[in-house]
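Quick note: the coordinates plus some simple rules give every number you see, no bench work behind them. Computed from a prediction, not measured in an experiment: that's the story for all the values here. With ideal geometry, Cβ positions are generated from the backbone for all residues, glycine too; neighbour counts draw on all protein chains shown.
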Amino acid sequence: MTLLGSYVRPRDTRQVWSGGLVALLSELGFSDGAARIALARLAHRDLLARHKQGRLVHYTLTRRSIAVLEDGDRRIFSLGRGSRGPGDWTVLWQNVPESRRQARERLVRRLRFLGFGSIQDGTWLTPHDREADVVALLDELGITEYAGLMLGKPSAALDVRAFASRAWDLDGLDQRYDAFVAEFGGYAEHCQLDDPGAFWLRTRLVHTFRQFPSLDPELPPRLVPPPAGRAAAVELFHALYAALAPAAQRHFDEVTH
């Protein structure tokens, strides 16, 4: 998904050679077998459309994958870039039965993608108004009858950081931001890599940073100070992402043509 979002989506009507995708995933440390299985799974989930031309197989993005990638981009590129004032929190209760286990598992994955944290079994919250997203998700999965949804605000008497720490690893988040800056900060002044090197670095950069929207609830700063390393990590990500883009895209296009 990182490859699709970073290199394919700007050309979402273009077909991409499957052998090239396998080769690129090999550069990133995946075996040919694992790469082909991953592509087949994405096609099975309607995130890639398969096209055969003679003996060659190509892929294009589907409407579903474009929507998923656009939503992911909004969350990745807006992280740490807005001011969070007072607003409604969203709380979801769900009791999806074992007979709907697949829908329940998809619900959990999507909630984490939307930045929800779990405070106990079946209870999820986020310090943002996600009502429209959750209502659409419950309807899509056909499990509205097994869920309850509420918007509200935390009590002024509540220790919000202590409470939020039950749903998110806030101390670990500080460490993750610091680790991100330590890993990629050395490249900020030295981006003159060859095309394969730029591709490897930019892809790893995105794949690492894209975890943060699910880990960082972006709590209102008037209630909880933001992670100390967030600002530096966000600035570094945007700078490297743009600086490495031309060379990385050239390599992707050359291999998948």
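Tabulated results
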quantity: For peptides 165-178, 207-220, sequence by mean Cβ density within 10 Å, most packed first; calculated: 207-220, 165-178
quantity: Computed lengthening from LEU158 to ASN95, 0.36 nm per intervening residue step minus Cα-Cα distance; calculated: 20.0 nm
quantity: Residue-span extension gain [ARG63 to GLN120] - 0.36 nm each, minus C-alpha spacing; calculated: 17.1 nm
quantity: Contour minus Cα-Cα distance for VAL135 and LEU56 (0.36 nm per residue); calculated: 24.3 nm
quantity: Calculated SAXS-style log₁₀ I(q)/I(0) at q = 0.13, 0.21 Å⁻¹ - the stretch 170-257, Debye, Cα scatterers; calculated: -0.47, -0.95
quantity: Rg/Rg_ref, the stretch 1-142, where Rg_ref = 2.2 N^0.38 Å and atoms are Cα; calculated: 1.25
quantity: Packing rank of 245-256, 41-52, where each peptide gets the mean count of other beta carbons within 10 Å, highest leading; calculated: 245-256, 41-52
quantity: Estimated distance in nm for a label pair at ARG250 and ASP169, the labels positioned 7 Å out from Cα along Cα-to-Cβ; calculated: 3.9
quantity: Cα gyration tensor category, rounded, prolate or oblate, for the stretch 90-130 with a/c compared to 1.5; calculated: prolate
